[in-house]
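Everything below concerns the one structure shown next.
The values are calculated or read from the model by the stated rules, or taken from the named source; none is laboratory data. All figures in this text were calculated on a predicted structure; none of them were measured in a lab. Positions of Cβ are generated from backbone atoms using ideal geometry, with glycine treated the same way; all protein chains shown enter the neighbour counts. The protein model used for the area step is the full one, side chains on, heavy atoms only, and it has no ligands, DNA or RNA in it. Shrake-Rupley method; radii C 1.70, N 1.55, O 1.52, S 1.80 Å.
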Amino acid sequence: MKLVIVGSGYVGLVSGTCFSEMGNKVICVDTDSAKIEKLKAGIIPIYEPGLAPMVLKNSEQGNLSFTTNLATALVDAAIVFIAVGTPMGDDGSADLQYVLAVAKEIGATMQNELIVVDKSTVPIGTADKVKATIQAALDKRQVNIPFHVVSNPEFLKEGAAINDFMKPDRVVIGSDTKVATEKMKQLYAPFCMSHDRFIAMDIRSAEMTKYAANAMLATKISFMNEIANICEHVGADANMVRTGIGSDKRIGYSFIYPGAGYGGSCFPKDVKALKKIAAAHKYNAKIITAVEEVNNAQKLVIAQKVVQRFGKDLTGLTFGIWGLAFKPGTDDMREAPAIYVIKELVKRGATIKAYDPKAVEEAKLMYLKDVQHISYVNSKYTAIENAAALILLTEWKEFRSPDFEEIKKQLKTPVIFDGRNQYNSYNLEEKGFEYFQIGKR
């Protein structure tokens, strides 16, 4: 099947590559000519485990190609996916200008019957807008070409996206025509061989499913962080509480780890957008609002612990940061807790030495480019040389079992602030450390 993926960012590139892996002919389209030239040269613009070799293999086999020309790509295509960005607007709503611009161009250039798939995370009702935009462009051309608009939300975890796509928990398809539903079922059949994970529904329910899934996971995180903060006040241990409630199969252990808050491209944006969607329909989403408020406060909890230990004025103190990405397995720093912690400490006069296996360039070029008194190093132990304390903010595997004697040797004072509760089982106080974690005094 010939497929076109418009947008060669995270979702578009992963989706296109995985579809090509199953033998489909895939053309990825992007308006960023520099990105397209890099992809043609085998240079992958994002870090995602397993993605680069799969892109290279399928490019060499002729199943995957890249272009800036949508009109040419659409010739004889069966399905076109819209996977462009939907950045958050100033009011918290998702910005649909790029989605609708693609829809307009599809309508202006398509020559044969098409299934148009919204792959981007979009507000409920977007499919109607896409359909109207394409039809308006066809009417302007005075042509009558049949097309179908489908919602197919993605549920990829950064750091595990290839596995998530190749072995999905579910494939959600929102469609109002049998033709489109069957075509999408055919496309996804190779990914659902061992178990029928294909879930068909109406379009608006599919659009809502994506928001509901991310909001539920964000809710679990904020709920556990709320419990952790209460634990600190009453003298309980949030790690023990997590074990106690996670053993209940109705709750489970996923997404109930106390920490420095969630970040990334999905949870913050989708929670805010869902709150905005509810408000637009005159509904006050109280739980969703609380989830966001708890998370915003949680991102500064570690910085507050540093201030409680070292004082409000941190002038002359250096802190070693382990981890900049919002989670391990990615270089994505969007809404990462590290951004908020570092800026707060620097504002109080601190100097920062930071290490991350993948996200340093993102920090330098974008998220911390205007921050003074920060340097980046090439190893975790270099980051803590003569530092007043180690601050762990991302739970990369290489941080999980460090040499604590080496840490103590490098630090000026043996103090660890653990924003991911990675070391709560190491009895660090007995090793001579001052150890601060989330959810325990």
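All C-alpha pair distances within region 367-429, sorted into 10 Å bins from zero, spread as 19, 54, 23, 4 percent across the bins. So for region 301-355, what percent of the C-alpha to C-alpha distances run longer than 19 Å? Every Cα pair in region 301-355 considered, those over 19 Å come to 26 percent.
Highest GNM mean-square fluctuation among ASP370, ASP356, ASP164, for the chain modelled with Cα contacts below 10 Å: ASP370. In region 132-282, the convex hull through the Cα atoms has an average projected area of 13.1 nm², a quarter of its surface area.
Give me the accessible area per residue for the chain, probe 1.4 Å, as a whole number in Å². Here the residues of the chain average 45 Å² of exposed surface.
Ranking PRO146, VAL179, ALA132 by Cα position along the charge dipole of region 131-193, where only Lys, Arg, Asp and Glu carry charges on their C-beta atoms, puts PRO146 farthest toward the positive end.
Counting protein heavy atoms only, the chain has 52 percent of its accessible area on carbon and sulfur, 1.4 angstrom probe. Residue ranges 41-48, 261-268 sort as 261-268, 41-48 when ordered by packing (mean number of other C-beta atoms within 10 Å per residue, highest first). Summary of packing: across the peptides 328-338, 26-36, 140-150, the per-residue average of other C-beta atoms within 10 Å ranks them, highest first, as 328-338, 26-36, 140-150. For the set LYS282/LYS343; LYS104/LYS282; LYS2/LYS35; LYS272/LYS364; LYS167/LYS440; LYS57/LYS369, the pairs lying more than 32 angstrom apart at their alpha carbons are LYS282/LYS343; LYS167/LYS440; LYS57/LYS369. When the inverse distances between all different Cα atoms of the chain are averaged and flipped, the Kirkwood radius reads 23.5 angstrom. Computed 3J(HN,Hα) for region 326-343, one whole-Hz value per residue from the Karplus formula 6.51 cos²θ - 1.76 cosθ + 1.60 where θ = phi - 60°, is 5, 7, x, x, 8, 9, 6, 10, 4, 6, 5, x, 4, 4, 6, 5, 4, 5, glycine and proline marked x. Packing order of peptides 407-415, 211-219, highest average first: 211-219, 407-415 (average count of other Cβ atoms within 10 Å over each peptide's residues). Close amide H partners of PHE198, meaning residues 5 or more places away or on another chain with modelled amide H under 5 Å apart, are VAL171.
Out of ALA387, ASN69, ASN284, whose Cα points farthest toward the positive end of the dipole of the chain (charges: +1 Lys, Arg; -1 Asp, Glu; placed on Cβ)? The residue sitting most towards the positive pole is ASN284. Per residue, the convex hull spanned by the Cα atoms of region 80-138 amounts to 73 cubic angstrom. Which value results when the Cα radius of gyration for region 199-316 is divided by 2.2 N^0.38 Å? It is 1.27.
Can you classify region 146-224 as rounded, prolate or oblate using the Cα gyration tensor, where a ≥ b ≥ c are the square roots of its eigenvalues, rounded means a/c under 1.5, and otherwise it's prolate if a/b beats b/c and oblate if not? Note, shape of region 146-224 comes out oblate. Antiparallel beta bridges, as assigned by DSSP with both residues in the chain, represent about 5 percent of the total such bridges.
If you wrap the tightest convex hull around every Cα atom of region 85-191 and split its volume per residue, you get 119 Å³. Its DSSP H runs of at least 4 residues, each contributing -39,500 (n - 2.57), put the calculated 222 nm mean residue ellipticity of the chain at -12500 deg cm²/dmol, to the nearest 500.
Note: region 284-383, Cα convex hull, 116 Å³ per residue.
Pairs over the 19 Å Cα-Cα cut-off, from the set LYS119/LYS210; LYS157/LYS358; LYS305/LYS409: LYS305/LYS409. For the pair SER205 and ASN386 in one chain, pulling the backbone fully straight at 0.36 nm per residue adds 59.7 nm over the alpha carbon distance.
Amide H to amide H, with H built 1.01 Å from N, CYS28 comes under 5 Å of ILE5, SER65, PHE66, THR67, counting only residues 5 or more places away or on other chains.
Distances between placed amide hydrogens fall under 5 Å for THR318 paired with THR351, ALA388, all partners being 5 or more residues away or on another chain.
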